[in-house]
Amino acid sequence: MAKQNGFKFKKSEDVVRIKFAEDHALYGMEVHVEKRVPIGVVLGATAGDLSRAINPLVKRITWWNLQDEDGEPVPVSREAFEEQFDVASATALVGAWATAVMEVSAPLEGQSSDGSS
């Protein structure tokens, strides 16, 4: 448990879905990845160091819809990532991942009472 403003809260284990726009080369690709990522990992990914970003990304992928030429699902692994993605596609996926995990959830509506009267 972590503390924020004196209150305990449990860190979220949410999963983010990454999808690409119709005009993108990766349109149709969907990747589910754990949202909780150490800041150092995200900073490495956004610094343009693709080789440092691949392992942390692959370790956090919970599912993808990647298929081989025969339509068979490709298991998530670094080897599959390196075989299936060219540099431009890998960079786009790493960038989309970094953006998705850095998004801040919308605040709750209204303020909660501090309990005083």
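Annotations for the structure displayed:
- With the Kirkwood sum run over all distinct C-alpha pairs, segment 12-102 has a hydrodynamic radius of 13.3 Å.
- Charged side chains reduced to their Cβ positions (Lys and Arg at +1, Asp and Glu at -1) give segment 12-102 a dipole of some 620 debye around its Cα centre.
- Across segment 96-103, computed HN-Hα scalar couplings (Karplus, 6.51 cos²θ - 1.76 cosθ + 1.60, θ = phi - 60°) run 5, 5, 4, 5, 5, 7, 8, 5 Hz from first to last residue, x flagging Gly and Pro.
Values quoted throughout were computed directly from the atomic coordinates according to the rules given, and no laboratory measurement underlies them. Model, not experiment: these values are computed from the prediction. Glycine also receives a Cβ, built like all others from the backbone with ideal geometry; neighbour counts cover every protein chain displayed.
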